[in-house]
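> One structure is given below, represented as structure tokens, and several questions about it will come after.
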Amino acid sequence: MTEINNESEKVMYTFRFTASNQQLQLNQNQLDSIPYLSAIVTHKDDFLSTRNSNSEYLLNPPIHYNWLIAILHSVVSEQAYTLFTELAEDDDIVGTL
């Protein structure tokens with residue numbers, strides 16, 4: 001499980017990647033920095049398969065754990081170039097972006 005730390009935020013949202021079964025926890029500020037994830041949480045009651053029995057939000061391909069972590073680091077740090085240092089050259093993250 002990966003947690004992007006920010007002590008000032010208490011509410012955590014847990015996401016489960018269906019392809020890898022990895023887990024990610026985000027606070028409200030981090031969630032707000034990725035509009036797609038924010039929309040999933042906001043509209044959780046509008047879709048039947050948004051969450052599993054553990055109330056984790058499910059993320060299916062083309063959203064992959066390593067790619068989303070790199071994107072999140074890039075957005076949170078406000079340094080877009082980190083995408084080039086954290087991802088392999090042949091990673092096709094366009095679908096995730």
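> Residue by residue through segment 37-52, which ³J(HN,Hα) values in whole Hz follow from phi under the Karplus form 6.51 cos²θ - 1.76 cosθ + 1.60 (θ = phi - 60°), with glycine and proline marked x?
5, 4, 5, 4, 5, 4, 9, 4, 7, 8, 10, 6, 9, 6, 10, 9
> Modelled label-to-label distance, Y36 and I69, 7 Å Cα→beta-carbon offset: nm?
1.8 nm
> Please state, as a whole number in µm²/s, the translational diffusion coefficient that the Stokes-Einstein equation yields for segment 2-86 at 4 °C and 1.567 mPa s, with Rh defined as the Kirkwood radius across alpha carbon pairs.
Result for D is 97 µm²/s.
> Between L48 and Q23, what is the label-point separation in nm under the 7 Å Cα-to-beta-carbon projection?
Taking the simple label geometry, Q23 and L48 are separated by 2.6 nm.
> So between S55 and K10, what do we pick up on full extension, going 0.36 nm a residue minus the alpha carbon distance?
14.5 nm
The numbers here are math on the coordinates, done by the rules we state, and not lab data. All of these numbers come straight from a predicted model, not from anything done at the bench. Reconstructed Cβ throughout: ideal geometry from the backbone, glycine too, with neighbour counts over all protein chains shown.
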